[in-house]
Every structure is written in C-alpha cells, then in structure tokens.
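Heads up: the structure comes next, in structure tokens.
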Amino acid sequence: MQNTSHLLMIRPVKFSFNEQTAVNNAFQQNDTNNNVAEMAAREFDAFAQKLQANGVDVTIVEDTPEPYTPDSIFPNNWISFHEDGNIILYPMFAVNRRAERKPHVLKAIEKKFRIQNKIDLTALEANHQFLEGTGSMVLDRDHKIAYACLSPRTHMSALNNFAEKTGFTTVAFHANDRNGLPIYHTNVMMCVADQFVVVCMESITDENEKKLVRDAIHKTDKSIILISFHQMEHFAGNMLQVQNNRGEKLLIMSTQAYESLTADQIKILENYNRIIHSSLNTIETNGGGSARCMLAEVFLPVQQTQ
C-alpha cells in the first residue's frame, strides 16, 4: 500500500536554526526573528489541525526540552514504520539529531500500533555511513523501490544495508541544485504517489542516471510530473500523498510549494487527489524542510481494542 491515513508528528518545544545541519542543507537560512520557536509551534498546530480536520489520523507527540533537539519536528529522518510490523531506526549525519530518537515517541506509537520487530541501522554512524530515513529515500512501497540521491546524508553502503534487510530494490543517482551542490535529501526533489511521481529531473545532470530514474518510474506505470529548480527551491518536491479515514487521497504540501505550481500542474495533480496545503514559512526557512519532512507515515498494524 503506497499511502496511509496514520501519521506521526512531533510538536516542537525549542525549534531553531540548526548549525550542524546547515553545513550541507542549502535550503536553510538563519532567521534573525527572536520568535522563531513560537512561530514554528503555531505553524505546526495549524498544519496538524488541518490534517485532522480532513480526516487524517495524526499521532502528535510533544518533544522534550532536554536533550535539546532543534530538528525534532522532522521525525521521518530517524524512523520509518512498515506494514509487516517493522520499525527502522536510521543513522543520522548531525550529532545533535541523533538525540531525537527518544523512547517516549515509541511508547506513544505502541499505544496505538503493534511493533513486531526493530531494525536498527544506527551503528553505521560510527563508520560515518548515513541514511536519513524517508528524507534520504523516497519509497515506492507498492513496488518496493527506494529512490535515493546520494549525498553527505545518503551513503550507498547504508542504502544497500537497508535494501538487504527489507527486500527493497534501490535506484541510486546524484542530484544537484542549480549551484551544482548535492541536494541533501531526495524528498525535496521527488515525491512518489500511487499513480504519479513529482520530480525535478533537471537536478539529475548525468544522462545515464536520468534515464535510470525515468525508466524505473515508467516500469511502475506512474505518470511523471516535472517541476523546475525554482519550484523545488520552494519545496514543491516535498509533497506527501496520504489518505483520510474515508479512503480519499490527499496530497499534502506547504502553501509556499502550492503557490509555486502552475495552474496546469495543479489541475493535473487534482485529477489524482485533493490538495491540502498549510503555511510553513518559519519552519521551511530555519529548518530547510517542509510538509513532507514533518510527517512520518505509520503503516504498522493497528492495536486491536478489547
């Protein structure tokens, strides 16, 4: 199943610009506003409420002030949840992001869902091999394909380790921004939905790798919707398709991403699913991530009520 109606979100308590991640995240900008944490919390609440109002089940877990985790709002980088009951913990590039793996988050998940097994890849951090969850990989869950643009946060050896333990096939490539710098996470340039893929294909400069990605998508019979560098820079690649409690497909993105799309692109996307967007400007500016980064999809079996 490609999409779920269950999401995990971590409500921030001390969100701020993270200098450790800014070294290779060109989307981050240090906002001089003194109210960043408060503004980010308001954006988070409005976003979560909008998802819930549209019939999406959101498990909201409050972050803790200590240990200090400025990027806790992006849980999809350190954990993923799978239909077979597996959870996977991932090796993180920034040392201060590794502290996001807090036990109270898993306890909240276990109250609602059944965890069968834990696959822990975090030991790879000791070898400086990183794979930041569904930021580093965009998963086609139906076809068990992991698309991944290689970067300081996404290492081929860690990707192969993931594939070996899960049975996913990997489609690895290089993607650069308009300044020629590696794109830090695949999920800012690519979104895989049930019937379509949104991708900034011009960021893949090697023609053989571009063909590799295009051929892999075509084999799954999904349509390709191209976005430009400009649209990617406004987080138009950072979308996530979910479904609500009525089985309706929804495409989630930020308002900035939505406003970067053309009328034709919006029309095409709305043929597949309804679009939900929310303003995330503070989070996007300081965190360098957007709507998709804030959502960890939960595919685990639901606990049976007695």
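Nothing in this text is a laboratory measurement; each read-out follows from the coordinates by a stated rule. Please read these numbers as outputs of a predicted model, since none were measured by experiment. All Cβ positions, even for glycine, are placed from backbone atoms using ideal geometry, and neighbour counts span all protein chains on display.
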Task: Reachable lysines from Lys118, criterion Cα separation under 22 angstrom, eight or more residues apart if same chain - done: Lys102, Lys107, Lys144, Lys165
Task: Matching label, percent of Cα pairs over 37 Å apart computed from the structure shown, candidates (1) 12; (2) 17; (3) 6 - done: (3)
TODO: Could you work out how far the C-alpha centroid of region 148-185 sits from that of region 60-125, in angstrom?
DONE: 20
Task: Stretch gain in nm, segment Asp57-Leu226, where the contour uses 0.36 nm per residue and the Cα spacing is subtracted - done: 57.8 nm
TODO: Please give the residues of region 236-263, grouped as numeric ranges, whose backbone N is less than 18 Å from a label point set 7 Å along the Cα-to-Cβ vector of Arg178.
DONE: 236-238, 256-262
Task: Over the chain, relative contact order from alpha-carbon pairs under 8 Å, at least 6 apart, % - done: 25
Task: Residues whose placed amide H lies under 5 Å from that of Val298, excluding near-sequence neighbours - done: His6, Leu7, Leu8
Open item on the list: Which order do the peptides 212-220, 60-68 come out in when sorted by mean C-beta neighbours inside 10 angstrom, highest first?
Closed with: 212-220, 60-68
Task: Separation of the Glu259 and Arg214 label points, Cα + 7 Å toward Cβ, nm - done: 3.3
